Amino acid sequence: MRSYSNTYIFMFSLVMVIVVAVLLSFVAMQLKPRQDLNQEIERKSDILSSVGEAADLSEVKDKNAFVVEQFDKFINESYVVDYEGALQDNADAFEITLNLKVQADKPAKERLYPVFVYTDKDGEHKYIVPVRGKGLWGPIWGYVAFEPDMNTIAGAIFDHAKETPGLGADINTTWFEEEFIGKKIFNDQGKFVSVSVLKSAETENNPHAVDAISGGTITSDGLSDMLVDYFEGYVNHFKEKGTAN
Amino acid sequence: MTEKEPLFSAKNLKLIREPLGHSNPITVQVLGICSALAITVQLKPAIVMTLSVIAVMTISNVVISLLRNMVPPRIRIIVQLVVIATMVILVDEILQAFAYDVSKQLSVFVGLIITNCIIMGRLEAFALSNKPWPAFLDGLGNAFGYGLILIIVSFFRELLGSGTLMGYQVIPDSFYEFGYENNGLMVLPPMALIVVGIIIWVQRSKDKELIEQN
């Protein structure tokens, strides 16, 4: 076998690394706009799913166009509030939702809280808020829709990055998400109690709890914490706007 | 070599045929098992994974084969890794741009193609000492051999575990009314091992050459 000098080895490595770096950066830059678009579409279709407007998505030919059209049709208003419930005129709700991680990493009192207003064909409103927290292996997130009383949950969808398939990953299944419908985040005295994810024995006839996922305890607890953490930020706004108290 | 070898000589065709049968990377060499367990719950991700591995494997094999006289042996493993990693990142970026849903489903497993031992094994054992064309065929053959098993396993897991194929329901509702149930175990990783085991069993009982003499 031929022997190579150290200089050759260094030069070879250097050239290899430069070629690879240039190639990868070029491709990444070329594909970035498309990837960003995909993420936007995903956010929009998630928001629509939380109010049950994206159910027939798999039958649509041009998914992207459909989602954009539906989103523009049903979500015709959005705004941003801070922890105190004060309206933030300069902030764009969708922009913040796209980078929700930035907000979720801040302390609750410094975050900005986006709200999307859904109007169905009868003119009834629902208010959709994004949530983000930690599961067992990575981030979990979701969108929760509220009735106009700003207390009763009208629908919820959740998703995750890398929870265990068949266990924690089940938070994005319909049976789990449907449990949230009709639950309330304020108790009869108007105090904020959130919705907890508990063992089934404790959830019967409890308007503030849903049944956890067997084998997915840490993910379930994480989801519980995420809801407390995020809903709390909206409490001031909800109390002002809603009829909970 | 003075005489030019035809492109599809018997020797070259063997490079494609062997890995499908009795030197199959999964069932005979028992490489790449981890990904075979992870992404075979449904047919669709398995097919995309197969296509991704075909792309990564053939291109890496050809690139390494082209460089084979320039790569200093002392850093050859690093060079192989860089080539594979580059290809995998390219595949990942392209999936994210053009097949976002699938890329979400495959999630970390696309990145883990880098660690698929079949690919490095072929680069080290074949591409480094062969010309680009045979290396291309060898990559193709081994990726097909890998993909074949993936697709067989995922076919049974999706059919018996979820009653669907490619996401479409194939087991009629009337079966469920008579008390038929999807097998939940099929969806979990251990069942992939068992299915691979069954395939190995069937293959060994058909192919006498594979039976060890002792």
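Find the Rg to Rh ratio for segment A:86-170, where Rh is the Kirkwood radius over alpha-carbon pairs and Rg uses the same atoms.
A ratio of 1.01.
If you keep only loop residues by DSSP, which GluC sites (Glu not before Pro) in segment B:115-214 have at most 14 other Cβ atoms within 10 Å of their Cβ?
B:GLU181, B:GLU212
To the nearest 20 Debye, how big is the dipole of chain B about its Cα centre, given +1 on the beta carbon of each Lys and Arg and -1 on that of each Asp and Glu?
740
Are there GluC sites (Glu not before Pro) in segment A:172-209 that DSSP puts in a loop and that have at most 10 other Cβ atoms within 10 Å, and which ones?
A:GLU204
Could you work out which residue, out of B:ILE89, B:ILE114, B:ILE171, moves most in a Gaussian network model of chain B, that is, has the largest mean-square fluctuation with Cα springs under 10 Å?
B:ILE171
Ordered by residue, what ³J(HN,Hα) values in Hz, to whole numbers, does segment B:48-57 give under the Karplus form 6.51 cos²θ - 1.76 cosθ + 1.60, where θ = phi - 60° and Gly and Pro are x?
Those phi angles translate into 5, 4, 4, 4, 4, 5, 4, 4, 4, 5 Hz.
Can you list residues whose amide H is under 5 Å from A:PHE186's amide H, if they're 5+ apart or on another chain and H is modeled 1.01 Å from N?
The list, which skips near neighbours in sequence, is A:VAL193.
Have a look at segment B:5-145 and give its Rg and Dmax from the Cα atoms, expressed in angstrom.
Radius of gyration, then largest Cα-Cα span, for segment B:5-145: 14.9, 44 Å.
To the nearest 0.05, how large is the calculated FRET efficiency for B:THR164 and B:ALA99 if R₀ is 25 Å and r is the Cβ-Cβ distance?
0.80
Output needed for the protein assembly as shown: three equivalent-ellipsoid semi-axes, defined as square roots of 5 times the C-alpha gyration tensor eigenvalues, in descending order, whole Å.
50, 28, 19
Over segment B:30-207, what percent of the accessible surface lies on carbon and sulfur atoms, probe 1.4 Å?
Taking all protein chains in place, segment B:30-207 shows 72 percent carbon and sulfur surface.
Give me D for segment B:108-187 in µm² s⁻¹, whole number, from Stokes-Einstein with Rh from the Kirkwood sum over alpha-carbon pairs, 4 °C and 1.567 mPa s.
Rounded, D is 84 µm²/s.
Output the direction-averaged projected area (hull surface divided by four) of the convex hull of the alpha-carbon atoms of chain A, in nm².
If I average the Cα hull's projected area over directions, I get 19.6 nm².
Enumerate the amide H contacts of A:SER78 below 5 Å, restricted to partners 5 or more residues apart or on another chain; note that Pro and chain-start residues carry no placed amide H.
Answer set, sorted by chain and number: A:VAL117.
Averaging over every viewing direction, what projected area does the convex hull of the Cα atoms of segment A:196-245 cover, in nm²?
Across all orientations, segment A:196-245 yields a mean hull projection of 4.0 nm².
Segment A:161-245: which trypsin sites (Lys or Arg not before Pro) are DSSP loop and have at most 13 other beta-carbon atoms within 10 angstrom?
Passing sites in segment A:161-245 are A:LYS191, A:LYS199.
If you roll a 1.4 Å probe over the heavy atoms of the protein chains, what accessible area per residue do you get for segment B:30-207, in Å²?
On a per-residue basis, 46 Å².
Gaussian network model of chain A, Cα springs within a sub-10 Å range: biggest mean-square fluctuation belongs to which of A:ALA145, A:ALA65, A:ALA156?
Checking each option, the largest mean-square fluctuation is seen for A:ALA65.
Quick one: net charge of A:VAL51's neighbours, Cβ under 10 Å, K/R +1, D/E -1?
Net of charged neighbours comes to -1.
To the nearest 20 Debye, how big is the dipole of chain A about its Cα centre, given +1 on the beta carbon of each Lys and Arg and -1 on that of each Asp and Glu?
Roughly 1100 debye, rounded to the nearest 20.
So for B:ASP207, A:ASP225, A:ASP36, what's the accessible-area order with a 1.4 Å probe, most first?
From most accessible down to least: A:ASP225, A:ASP36, B:ASP207.
Per-residue ellipticity at 222 nm for the protein assembly as shown, helices alone: DSSP H runs ≥ 4 residues times -39500 (n - 2.57), over residue total, nearest 500 deg cm²/dmol?
It comes out at -17000 deg cm²/dmol, rounded to the nearest 500.
For segment B:39-109, what D do you get in µm² per second when you plug the Kirkwood radius from alpha-carbon pairs into Stokes-Einstein at 4 °C and 1.567 mPa s?
The diffusion coefficient I find is 98 µm²/s.
Find how much the distance from A:LYS121 to A:ILE18 grows on full extension, using 0.36 nm per residue of separation minus their present alpha carbon separation; answer in nm with one decimal.
Contour length minus Cα-Cα distance gives 31.4 nm.
Which whole-number percent is the relative contact order of segment A:79-241 (Cα, under 8 Å, 6+ apart)?
21
Would you mind telling me which residue in B:ALA99, B:ALA127, B:ALA38 has the biggest mean-square fluctuation in a Gaussian network model of chain B, where springs connect alpha carbons within a distance under 10 angstrom?
In the Gaussian network model the winner is B:ALA99.
Quick one: work out Rg over Rh on the C-alpha atoms of segment A:66-116, Rh as Kirkwood radius.
That ratio equals 1.03.
Using modelled backbone amide H atoms (1.01 Å from N, in-plane), which distant-in-sequence or interchain residues come within less than 5 Å of B:GLY32's amide H?
B:CYS117, B:ILE118
Kindly write out, for segment A:215-225 in residue order, the coupling ³J(HN,Hα) from the Karplus curve 6.51 cos²θ - 1.76 cosθ + 1.60 (θ = phi - 60°), rounded to whole Hz, with x marking Gly and Pro.
x, x, 4, 5, 5, 4, 4, x, 5, 4, 4
The values are calculated or read from the model by the stated rules, or taken from the named source; none is laboratory data. Only a predicted model underlies this, so the values are computations on that prediction, with no experimental measurement involved. Cβ: placed from backbone, ideal geometry, glycine included. Neighbour counts: every protein chain shown. Heads up: the accessible areas ignore ligands, DNA and RNA and are worked out on the full protein's heavy atoms, side chains in. Shrake-Rupley method; radii C 1.70, N 1.55, O 1.52, S 1.80 Å.
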